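J.: Pasting a structure here, questions to come.
No lab work stands behind these numbers, since they all come straight from the coordinates. Given the structure is predicted, the values throughout are model-derived calculations rather than measurements. Cβ atoms come from the backbone with ideal geometry, glycine included; neighbour counts cover every protein chain shown.
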There are 2 protein chains.
Amino acid sequence: MRITLDFADVSRFINAMSGTAAYAEWIAVDWGTSNLRAWAMRDGEPMMEASRLDKGMGALTPDQFEPALLEMVEPWLGGAKMTIVACGMVGARQGWAEAPYAAVPCPPVGAGTVKAPVTDPRLDVIILSGLSQISPPDVMRGEETQIAGYLAGDPDFDGILCLPGTHTKWVQISAGEVVSFRTYMTGELFALISKQSVLRHSMDEGWEEDAFLAAVRDGMADPQALAGRFFGIRAGGLVGEAIPGAAKARLSGLLIGAELAAAKPYWLGQRIVLLGDGRLAGLYSRALSAEGAAPETADVTHATLTGLTAAYEKLKEAT
Amino acid sequence: MRITLDFADVSRFINAMSGTAAYAEWIAVDWGTSNLRAWAMRDGEPMMEASRLDKGMGALTPDQFEPALLEMVEPWLGGAKMTIVACGMVGARQGWAEAPYAAVPCPPVGAGTVKAPVTDPRLDVIILSGLSQISPPDVMRGEETQIAGYLAGDPDFDGILCLPGTHTKWVQISAGEVVSFRTYMTGELFALISKQSVLRHSMDEGWEEDAFLAAVRDGMADPQALAGRFFGIRAGGLVGEAIPGAAKARLSGLLIGAELAAAKPYWLGQRIVLLGDGRLAGLYSRALSAEGAAPETADVTHATLTGLTAAYEKLKEAT
């Protein structure tokens, strides 16, 4: 997403900075474990974006949330109270304020919110609830808003949304509701194994696509063999010739292949939409395509903003 | 293993310390990635043991191996050259000196050695070769010596040796040879996931044996579901009530269960001997027993020393 400012808007920003008129109508916030992003919203559109990679929920203690947010959004505030709508891990037990989970099956958002405790009178921070599932136990925070955002543009969608990430989610949608979902720690496992296990010695910067696709097949066919195949990546480089880019692609393919085998009841014969950032969504897309599926892709930032906007509109109606 | 010294031996040690007569006849060394152990050997028996948890091969640069060894074994040296026989990762490419691999099928030791470069004239350090397998690619360093040590006491053994550890090995033995083997990174995955992934928030000190055995069954039945079940451990603690000790036991059981599913061609219907330290070997023993196997266990330190002694005797014959 690229935000372009015209001259009138720049003037408005300068006026806001020097007076009491707010630059933003409201502020949208996506606050995950490792990342904080905020958008100044006006007329349903993002006018400016700010982000910090070092102010994720995982890096903050409870008293650090308000200063972290204020530092970022202060230029967009006026003298009056500003509505700030936030989704993500900021609402976890270890976050700023715990937002209750809504239990599936239910619509992706609208079940609940919590107000964050603030000291600055200009801030009115509303954190959206995540979703939970009792059996098998599962939770999400943030993805429910992206799902709502996607559904706003495709309200009759009936199928599977896959949200690739550190914790990839497979979500079954029907009649505007989240019916069930399942989380796979594939991304986190890839990061741990590639950076911190004995396999780190075998990783390089390359990417061997054939090795990736072969590994997806191996991971799907014999998922129980993963812990052995991981070591085989290391051993292969010791007893034979290492192909640049093959080790990383193979590790990624084995993990995604095993996930596709497990998530097969979700995607087989279904309409699938991948909602994620470019590179990782691309891997899932190629892996699924190799298995005969025909995944579509959608922009996840657009879905996040649409979801936060829908929540804001609903909160405004209610007051 | 407990080493008891009698009065004559203590006198001998004191004499050695004050003169030029060596205390040890030769020195046995097990030098792994994270640990260094040495034994002063005489008349085929360990007289003293020394170990350092901070001088494993993984913590040392090439020039640090000799000082680390010397610091530990100097009290056992005399004025003459001392034979020191070492096995383990000390012979890896990143170790003190690279010992070539012997390719299976072959006897577990005897295929090759390398002399470590030393500056102290009293040291004669011989590093034993590891084993490699071309297809599927696999390697071991140190376990071959333990296997040789076990076989010295049971030369007609025909079956499977399982060596649980950071990288667990399943080894097929027939007619005194290693026929094939397979390494699973199960122990390293457990350490990474329990200490560094999002699951670290769910770990406590307890151990729920029923949760372990149920997870072994789940891991064997649906190994592809691992990355989802891992997240389920975390989510289960968030949406329900966490049972103390269940999270760690479940993670361990899922990983070992998936390994048992993969290694089934090794152990099903075979004689199995577990060669490992108490706690981890106990987990494998209970998991295998729950699957109807009847694993035996054997002492791994005894096997290491017996294997190093056999290598020493063979080197002595050759000179």
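J.: Quote the charge dipole size of the protein assembly as shown about the Cα centre in Debye, to the nearest 20; the model charges only the Cβ of Lys and Arg (+1) and of Asp and Glu (-1).
T.: 100
J.: Here is a follow-up. Please list, in chain and number order, the residues 5+ apart from B:Asp124 or on another chain whose amide H is under 5 Å from its amide H, with Hs placed from the backbone.
T.: Residues meeting the criterion, in which the H sits 1.01 Å from N, are B:Met82, B:Ile84.
J.: Continuing with the same structure: Taking the Cα centroid of segment B:79-97 and of segment A:257-276, what is the distance between the two, rounded to the nearest whole Å?
T.: With segment B:79-97 and segment A:257-276 each reduced to a Cα centre, they are spaced 51 Å.
J.: While we're looking at this one, here's another question. For chain A, what is the number of Lys pairs with C-alpha distance below 14 angstrom, counting only pairs 8 or more positions apart or on separate chains?
T.: 4
J.: Still on this structure, please answer the following. When only C-alpha pairs under 8 Å and at least 6 residues apart count, what is the relative contact order of segment B:50-193, in percent?
T.: 19
J.: Suppose R0 equals 56 Å. What FRET efficiency, 1/(1 + (r/R0)^6) with r the Cβ-Cβ distance, do B:Glu177 and A:Glu296 give to the nearest 0.05?
T.: 0.55
J.: A further question on this structure: How big, on average over all directions, is the shadow cast by the Cα convex hull of chain B, in nm²?
T.: Averaged projected area of chain B's Cα convex hull equals 17.9 nm².
J.: 7 Å along Cα→Cβ for the label point: how many nanometres lie between A:Pro75 and each equivalent label in the other copies, listed shortest first?
T.: 6.7
J.: Would you compute, from DSSP H runs of 4+ residues alone, the mean residue ellipticity of chain A at 222 nm, taking -39500 (n - 2.57) per run and dividing by the full residue count, rounded to the nearest 500?
T.: -12000 deg cm²/dmol
J.: While we're on this one: Could you calculate, for the protein assembly as shown, the ratio of the Cα radius of gyration to the Kirkwood radius, expressed as Rg to Rh?
T.: Taking Rh as the inverse mean 1/r over Cα pairs, Rg/Rh reads 1.08.
J.: Follow-up question, since we're still on this one. Ordered shortest first, which distances in nm separate the 7 Å Cα→C-beta label point of A:Arg52 from those of the other copies?
T.: Copy-to-copy label distances at A:Arg52, shortest first: 4.5 nm.
J.: If each of B:Glu49 and B:Thr119 carries a label point 7 Å out from its Cα toward its Cβ, how far apart are those two points in nm?
T.: The modelled label-to-label distance comes out at 3.2 nm.
J.: Where the eigenvalues come from the Cα gyration tensor of segment A:7-141, what are the semi-axes √(5λ) of the equivalent ellipsoid, largest first, in whole Å?
T.: 29, 16, 13
J.: In degrees between 0 and 90, to the nearest 10, how far off the longest principal axis of chain B does helix B:226-239 point, with axes built from Cα atoms?
T.: 60
J.: Using the number of other C-beta atoms within 10 angstrom as an exposure proxy, rank B:Met82, A:Met57 with the fewest first.
T.: Fewest to most other Cβ atoms nearby, the residues stand as B:Met82, A:Met57.
J.: Something else: How far, in nm to one decimal, is B:Gln196 from itself in the other copies if the label point is set 7 angstrom along Cα toward Cβ? Shortest first, please.
T.: 0.4
J.: For segment A:198-246, take N as its residue count and report Rg(C-alpha) divided by 2.2 N^0.38 Å.
T.: Dividing the Cα Rg of segment A:198-246 by 2.2 N^0.38 Å gives 1.12.
J.: Each label point is 7 Å from the Cα along the Cα-to-Cβ direction; what then is the distance between the points at A:Ser289 and A:Arg93, in nm?
T.: 4.2
J.: Among DSSP beta bridges whose residues both lie in chain A, state the antiparallel percentage, nearest 5.
T.: Counting only bridges with both partners in chain A, antiparallel ones make up about 65 percent.
J.: Something else about it: For a quick protection proxy, order the peptides A:112-118, B:71-77, B:259-265 by their average other-Cβ count within 10 Å, most packed first.
T.: B:259-265, B:71-77, A:112-118
J.: Something else about it: Could you tell me how many degrees, from 0 to 90 and to the nearest 10, lie between the Cα long axis of helix B:278-290 and the main elongation axis, the longest principal axis, of the Cα atoms of chain B?
T.: Approximately 40 degrees, to the nearest 10.
J.: Right, something else. Relative to a virtual label point 7 Å from the Cα of A:Ala21 in the Cα→beta-carbon direction, which members of segment A:72-86 show backbone nitrogen distances below 16 Å?
T.: Under cut-off, by backbone N: A:76-80.
J.: What's the angle, to the nearest 10 degrees (0 to 90), between helix B:143-153's Cα axis and the longest principal axis of chain B?
T.: Roughly 80 degrees between the two axes.
J.: Cut-off 10 angstrom, C-alpha nodes, Gaussian network model of chain A. Which of A:Thr61, A:Thr33, A:Thr145 fluctuates the most?
T.: A:Thr61
J.: On a C-alpha basis, how far is the centre of segment A:292-315 from the centre of segment A:197-233 in Å? Whole number, if you could?
T.: Distance between centres, Cα-based: 32 Å.
J.: I'd like the per residue volume of the convex hull spanned by the Cα atoms of segment A:164-319, given in cubic angstrom.
T.: Once divided by residue count, the hull of segment A:164-319 is 125 Å³.
J.: Another one. Percent relative contact order of chain B, based on C-alpha pairs within less than 8 angstrom and at least six residues apart?
T.: 15
J.: Can you give the charge dipole size of segment B:183-299 about its Cα centre, rounded to the nearest 20 debye, using +1 on the beta carbon of Lys and Arg and -1 on the beta carbon of Asp and Glu?
T.: It comes to approximately 260 debye.
J.: Across segment A:121-130, in residue order, what do the Karplus-derived ³J(HN,Hα) couplings come to in whole Hz, using 6.51 cos²θ - 1.76 cosθ + 1.60 with θ = phi - 60° and x for Gly and Pro?
T.: x, 7, 9, 10, 9, 10, 9, 7, 5, x
J.: Which whole-number percent gives the relative contact order of segment A:183-299, counting Cα pairs below 8 Å spaced six or more residues apart?
T.: Contact order relative to length: 29 percent.
J.: At a 10 Å Cβ-Cβ cut-off, how would you order A:Lys314, B:Lys316, B:Lys55, fewest neighbours first?
T.: Least to most surrounded, the residues fall as B:Lys316, A:Lys314, B:Lys55.
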